[in-house]
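Read-outs: derived from the displayed coordinates by stated rules, not from any lab. In this text the structure is predicted, and so the values were computed from the model without any measurement. Positions of Cβ are backbone-derived with ideal geometry, glycine not excepted, and every protein chain shown enters the neighbour counts.
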Amino acid sequence: MKLYHVIGAKQYDRTSLEDLFVRADRMEAVVKSGGNTQFSSKIMTTLFFEPSTRTRLSFESAISRLGGKVIGTENAGQFSSATKGETLEDTIQVVSQYCDVIVMRHTDIGAAERAAAVASVPVINAGDGGGEHPTQALLDVYTIKKELGTLDHIHVVMVGDLKYGRTVHSLSYLLANYKNVHITFTAPSNVQIPPYVTEYLYAKGVSYSEETDLHAAVRAADVIYQTRIQKERFDNEEDYKLAEGKYIITEELLKHMKSTCTILHPLPRAGEIEKEVDQDPRAAYFRQARNGLFIRMALLEKCFEGIPAEKEMAALSR
């Protein structure tokens, strides 16, 4: 059986992204109409070895609005047989017997790919440590298109924790599908964008630069993608303090941005965007979070339809 796994952003090209956007638009209409019972016989399992609010709840809302059911745990590291020494592979093979799709967040980079290798149902990567977060990046590009009307010919400024920021990594890979995209990376010295991301962009012919001055970086930006400095990713408090509070979007900074700029954040935030910025029409991060519901409904639909994804999955090895 051919399964539609969602493992990494590199599996998507422009065609598959456009298909997903069309589906997400349709899912927004489904939500407005009160949902449906299209997949009333389907069960989704959530296995979250790391904390989550938006991702887990939006997936649970997504399956509910499609008529399905959800089982699982929000703290699989503590409330699963992993505490007894069970391997991830064994857990996945067992859980596959109880459901029709597995949505998993794990602490280890590459965990989703390991899970997909042994699963008998589709696996959706809801974040693997400091690696990737493809469903977040999918809703990010969907939001950019809705806000700006295009994903071509745009300048995106990514700010904050770019080293451990899995959403940044996945978003960079997706943006490589579009024409004349320039990415500016603005980060503290100890959390700069990893070389494997910039090497991918270079290989794809994507223009990028690094800028330490946030005021200078945002002037030409069409999108500002702010991220949290992730305290939980650091080995010690000293390294965290080197990065904390260096780049903050303030009311004063808004004056330096284009009137058409869109401000995004994968959330949660921890002081890197002032609350006063929320009132600015360019602040799209709560609209962005809502778009996650529509994208995740669209992804579940593709999983349940069993659409062959050989082309997409083959891209992961490139």
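Data overview
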quantity: Net charge of neighbours whose Cβ lies under 12 Å from the Cβ of Gln93, counting Lys and Arg as +1 and Asp and Glu as -1; calculated: -2
quantity: Proximal charge balance of Pro266 [Cβ under 10 Å; K/R count +1, D/E count -1]; calculated: +3
quantity: Spherically averaged projected area of the stretch 87-191 from its Cα convex hull (nm²); calculated: 7.7 nm²
quantity: Two-site label geometry, Arg219 and Ser64: point separation in nm, points 7 Å out along Cα→Cβ; calculated: 4.8 nm
quantity: Förster radius 25 Å - calculated FRET efficiency between Glu237 and Arg269, Cβ distance, rounded to 0.05; calculated: 0.75
quantity: Contour minus Cα-Cα distance for Glu210 and Thr107 (0.36 nm per residue); calculated: 34.3 nm
quantity: Loop sites in the stretch 255-300: trypsin sites (Lys or Arg not before Pro), DSSP, at most 12 other Cβ within 10 Å; calculated: Lys255
quantity: Ascending count of other beta-carbon atoms within 10 Å, so fewest first, for Val121, Val70; calculated: Val70, Val121
quantity: Coil-residue trypsin sites (Lys or Arg not before Pro) of the stretch 1-69, DSSP, other Cβ within 10 Å capped at 14; calculated: Lys2
quantity: For Gly72, distant residues with modelled amide H under 5 Å away; calculated: Thr46
quantity: Geometric extent, Cα atoms of the stretch 134-288 - Rg, Dmax (angstrom); calculated: 14.4, 42
quantity: FRET efficiency estimate (nearest 0.05) - Cβ-Cβ, Val94 to Glu305, R0 35 angstrom; calculated: 0.90
quantity: Rg(Cα) / (2.2 N^0.38 Å) computed for the stretch 211-291, rounded to two decimals; calculated: 1.13
quantity: Filter on Lys231/Lys258; Lys146/Lys179; Lys10/Lys42; Lys10/Lys179; Lys145/Lys275 - keep pairs with C-alpha separation over 21 Å; calculated: Lys231/Lys258; Lys10/Lys42; Lys145/Lys275
quantity: Additional length obtainable on full extension of the chain from Glu86 to Ile248, 0.36 nm per residue less Cα span; calculated: 54.1 nm
quantity: Candidates Thr55, Thr45, Thr15, ranked by Gaussian network fluctuation over the chain, Cα under 10 Å, top entry; calculated: Thr15
quantity: Computed Kirkwood radius, in angstrom, where 1/r is averaged over Cα pairs of the chain; calculated: 19.9 Å
quantity: Extension gain, Asn180 back to Phe286 (0.36 nm per residue minus Cα-Cα distance, nm); calculated: 35.4 nm
quantity: Ranking of Ser96, Ser64, Ser40, Ser172 by count of other Cβ atoms within 10 Å, fewest first; calculated: Ser40, Ser64, Ser96, Ser172
